[in-house]
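Structure, as structure tokens:
The values are calculated or read from the model by the stated rules, or taken from the named source; none is laboratory data. Nothing here was measured: the structure is a model prediction, and the numbers come from that model.
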Amino acid sequence: MPRCLLILISASALAFAGHGGEAEPSILWKWANFGLLVLGIGYMIGKHAPAFFKGQDEAIQSDLREAAEMKASAEAKTAEIEKRLATLNTEIETLRASASKELQAEKQRVENETAASMAKLEAHAAQEIESATKNAMAELKSYSAKLALEQAEAKIRASITPASETQLIDGFLKRLN
């Protein structure tokens, strides 16, 4: 490439020298300038383009690797979430069954406690009734005895005359002596 550049520069110098300093440059001079411009631009592109495109290529490759990693991570997370969703119904059913068993056990416990409390209340009520019955019977006997005594006293008072009263007192005194 430097040889071509050297040749082009020489040719343009010759064309300029052959031109003789005219005001209007010749067509050869124009082609030489154009060639020089094309070679300069080509040289600059050839020198700097590979590094530029290599950097772009590396950036694109890096972005592609990063995107692939992100995709793999997202797919792994999606698989994990799908797995958890698949087992979620099973977990819900397990929890429902467990809650149902606990509810049934609690219901049975409450029923047992209620039955035990009812039995205690019935036993206590039976004792209260028995005690009240005994008290009522004792009161009834006492009242009956009192009535019997009052009736007996009334009959005795009705049947005792002053003469029989004196006779009873005398008999009692004789027995005491």
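On the basis of being of a type outside the set (Lys, Arg) and within 28 Å of the chain's Cα centre (by Cα), does SER131 make the cut?
no
Could you run through the range 83-102 and say how many residues are of a type in the set (Val, Ile, Thr) and modelled with pLDDT of 90 or more?
1
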